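Report on one structure; see the data block that follows.
Quick note: the coordinates plus some simple rules give every number you see, no bench work behind them. Every value quoted in this text rests on a predicted model; they were computed, and no experiment measured them. Cβ placement follows ideal geometry from the backbone for every residue including glycine, while neighbour counts extend to all protein chains displayed.
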Amino acid sequence: MTAIRVAHLYPEYLNIYADRGNIAVLARRAEWRGHELRVTPIGLGEPLAPGEYDLVYVGGGQDREQVLVAADLVRKADALHEAVAGGAAVLAVCGGYQLLGRGYRDLQGEDLPGIGLLPLETVAGQRRLIGDALIECELEPGVRRTLAGFENHAGRTRLDPGAEPLGRVLAGFGNDGESGFEGCRAGRVIGTYLHGPLLPRNPWLADTLLAQALAHRLGGEPPQLEPLPDELERLAHEVAAARAYARGGRR
Ligand code: GLN
């Protein structure tokens with residue numbers, strides 16, 4: 001039994017669309033493999049010890065919540081950069097994703113500082129990009145898989161030239177409703193606009209994060225996790241994918 005240590009940033013502020021459900025999925029899928037997920041909520045003014053976590057998770061939130069946490073997140077920037085340099089994995093959703101970039105100019109025109117963990121920046125647009133979305137990812141060369149979720153954001157995220165998106169938009173708006181890409185990936189840091197929560201209907205991504213976290217905890221390469229009978233998850237994915245094709249935004 002291995003204890004996988006998770007730092008959950010600002011659960012009281014960044015948790016819309018049941019984003020905390022992602023933690024529940026990680027906990028259950030770890031348990032089903034005989035491991036334990038040890039989650040530490042880290043809020044405003046609370047320190048983050050770089051080497052003590054295998055996975056960092058941050059959810060989404062409205063502009064007003066992002067205003068409340070942005071300055072505090074910047075004070076944690078060095079620790080987060082050090083944690084990532086040490087091999088910790090990161091999953092950031094929507095508002096949390098935006099603040100991992102260099103900054104977010106919100107609907108009021110206020111510039112919220114980001115921590116520059118991801119090569120991107122975001123500016124809010126007038127029309128919100130809302131709806132079911134489906135993207136195609138290739139996190140391992142030659143292995144294409146889809147992610148299905150729900151997006152609702154004013155932010156238009158621009159990746160730097162050469163930056164790696166998380167995936168290609170099959171249905172929905174994605175980063176900016178124009179580029180045809182969604183999210184961003186830099187090593188073990190993943191940012192996405194996909195809520196839902198994301199992981200219940202995309203168990204392969206949950207397992208990818210757990211394997212990376214175990215690699216950080218135990219050393220070596222991410223282990224191959226024992227497959228689980230994901231019938232319900234597969235069905236949830238199919239339903240969400242069909243909804244995305246039927247209702248997702250059109251670029
Ligand atoms: N407030 C940000 C935006 O509107 C993020 C929203 C969210 O987390 N769903 O773009």
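The string of couplings for region 192-199 from the Karplus curve (6.51, -1.76, 1.60, θ = phi - 60°) is 8, 8, 7, 9, x, x, 5, 6 Hz, one whole number per residue in order, with x for Gly and Pro. The phi torsions of region 54-60, fed into the Karplus equation with coefficients 6.51, -1.76 and 1.60 and a -60° offset, translate into couplings of 9, 8, 10, 10, 9, x, x Hz, rounded to whole numbers, with Gly and Pro shown as x. Among the chymotrypsin sites (Phe, Trp or Tyr not before Pro) within region 21-117, those in coil by DSSP and having at most 16 neighbouring Cβ atoms inside 10 Å are W32. Listed peptides 237-244, 205-212, 113-120 appear in the order 205-212, 113-120, 237-244 once ranked by packing, highest mean of other Cβ atoms within 10 Å at the front. Close amide H contacts of L120 (hydrogens built in the peptide plane, cut-off under 5 Å, sequence separation of 5 or more or a different chain): R102, D160. Close amide H pairs (under 5 Å, H built 1.01 Å from N) link Q62 with no residue at least 5 positions away or on another chain. Look at the alpha carbon pairs under 8 Å that are at least 6 residues apart: their mean separation over the length of region 135-222 gives a relative contact order of 25 percent. Antiparallel beta bridges, as assigned by DSSP with both residues in the chain, represent about 55 percent of the total such bridges.
Loop-located GluC sites (Glu not before Pro) in region 144-194 (DSSP state other than H, G, I, E, B) with a sparse environment of at most 12 neighbouring Cβ atoms within 10 Å: E178. By the count of neighbouring beta-carbon atoms within 10 Å, fewest first, T157, T40, T146 end up ordered T40, T146, T157. In the calculated pair-distance distribution of region 3-247, the portion above 30 angstrom amounts to 18 percent of the Cα-Cα pairs. Taking the Cα centre of region 84-193 as origin and assigning +1 to Lys and Arg Cβ atoms and -1 to Asp and Glu Cβ atoms, the resulting dipole is close to 80 debye. Taking amide H as placed 1.01 Å from N in the peptide plane, A89 has its amide H under 5 Å from the amide H of L55, V56, each at least 5 places away in sequence or on another chain. Counting Lys and Arg as +1 and Asp and Glu as -1 over every other residue whose Cβ lies under 12 Å from the Cβ of P11, the net charge comes to -3.
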